[in-house]
Amino acid sequence: SVAFEPFRILITSLVVIALIGALLVSAASWFVANRFARPVSALAAAADLVRQGGEATVSVETGDELEELAIAFNHMSSEVRSREQELRERARLDLETGLANRLAFEEMLNAREDEQDREVVLAIRIDRFSEIRGAVGFEAGAHLLKEVHDRLSQHEGSAFTALVSGDVLAAIFSCKPESTIWDCTSNLRDVLNAPFKSQGNGIDISVSIGIGAKDPNGEDSALKRAMIALDQA
């Protein structure tokens, strides 16, 4: 017992040192996890969310390169969202005229499916548009389309107007309950057939119009029915 007494003290000291070491390792692991592992995991999760098309920002306040990385990631995420928004907007615009295109029109038409049944779709074609554009030029032709679009948009009952093909504009029209479709659209041809000014040039045009109501069976869109009516007109 006397001989082993120093070894017992040594073993006790080693156990105490081992416990202190384990505590230090645990504390160091917790520190590393909070300072490095968790921010990296948060960045990885945010990057995966952005990859899936979502929006994500990361807040890291470590005062070192990880914080700089998080700031750079947030800037990148913001730029990605901004560019995606710009692409979505451009996808719904006609690049030549800047007017809403067929995709935007069909989305608006679908969004208004539950609106009252008095809504119809008008498809308006500028007669001989290719000849007119050949005479006045492409820029003046695009300006003419915008002028027709503006007159159509400002007409009473017009809810949304778009350029659905090269020479065809479409409009969602809403008629008052006491009016027939003919009543609320009868003077539209006179409004659109009036002379236009396009970049200083006086241009006389005529238009053809097709009117499409909602299909009670839901098989065809009102735009498709209006385009068929326009071809017949």
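The values are calculated or read from the model by the stated rules, or taken from the named source; none is laboratory data. This is a predicted model, so every value here is computed, not measured. Cβ: placed from backbone, ideal geometry, glycine included. Neighbour counts: every protein chain shown. Remember, those area values only see protein heavy atoms, side chains included, never the ligands or the DNA or RNA. Shrake-Rupley method; radii C 1.70, N 1.55, O 1.52, S 1.80 Å.
If I ask for residues that are of a type in the set (Lys, Arg) and within 15 Å of ARG125 (Cα to Cα), which ones from segment 145-204 would you list? Show your work before the answer.
Looking only at segment 145-204, we keep the residues that are of a type in the set (Lys, Arg), and these are 146, 151, 176, 189, 197.
Across segment 145-204, the qualifying residues are LYS146, ARG151, ARG189.
Quickly run through segment 92-112 and pick out the residues that are open to solvent by less than 70 Å² (accessible area, probe 1.4 Å) and modelled with pLDDT under 85. Correct list: ARG112 only. When segment 1-43 is limited to residues that are surrounded by 10 or more Cβ atoms within 10 Å (Cβ to Cβ) and of a type in the set (S, T, N, Q), the one that is modelled with the lowest pLDDT turns out to be ASN34. Total residues in segment 187-233 satisfying the condition of being more than 17 Å from ARG102 (Cβ to Cβ) and not in a helix (DSSP H, G or I): the figure is 26.
Pairs are defined by a Cβ separation below 8 Å, a sequence spacing of at least 6 or placement on different chains, a first member in segment 187-198 that is of a type in the set (S, T, N, Q), and a second member that is open to solvent by less than 90 Å² (accessible area, probe 1.4 Å) and part of a strand (DSSP E or B); the pairs so defined are ASN193/VAL207.
Restricting attention to segment 79-104, the residues being in contact with a Ser or Thr (Cβ under 8 Å, 6 or more places away or on another chain) and free of Cβ contacts under 8 Å to residues at least 12 places away in the same chain number 0. Here is the figure for segment 141-158: residues that are open to solvent by less than 10 Å² (accessible area, probe 1.4 Å) and closer than 15 Å to ALA194 by Cβ total 3.
Please work out which residue is most open to solvent (accessible area, probe 1.4 Å), limiting yourself to segment 56-83 and to residues that are assigned to a helix (DSSP H, G or I) and either of a type in the set (Ser, Thr, Tyr) or at positive phi (or both). Reasoning before the result, please.
If we filter segment 56-83 for residues that are assigned to a helix (DSSP H, G or I), which is where we start, we get 65-83.
This time we only want the ones that are either of a type in the set (Ser, Thr, Tyr) or at positive phi (or both), so: 77-78, 82.
Working: SER77: 2, SER78: 54, SER82: 69 Å².
Among them, the one singled out is SER82.
Only residues that are open to solvent by 10 Å² or more (accessible area, probe 1.4 Å), of a type in the set (A, V, I, L, M), at pLDDT 80 or above and touching a strand residue (DSSP E or B) at 6+ places or on another chain (Cβ under 8 Å): list them for segment 164-202, please.
First, the residues of segment 164-202 that are open to solvent by 10 Å² or more (accessible area, probe 1.4 Å): 164-167, 174, 176-187, 189-191, 193-195, 197, 199-202.
Now restrict to residues that are of a type in the set (A, V, I, L, M): 164, 181, 191, 194.
Add one more test, that the residue is at pLDDT 80 or above, and what stays is 164, 191, 194.
Selection gives VAL164 alone.
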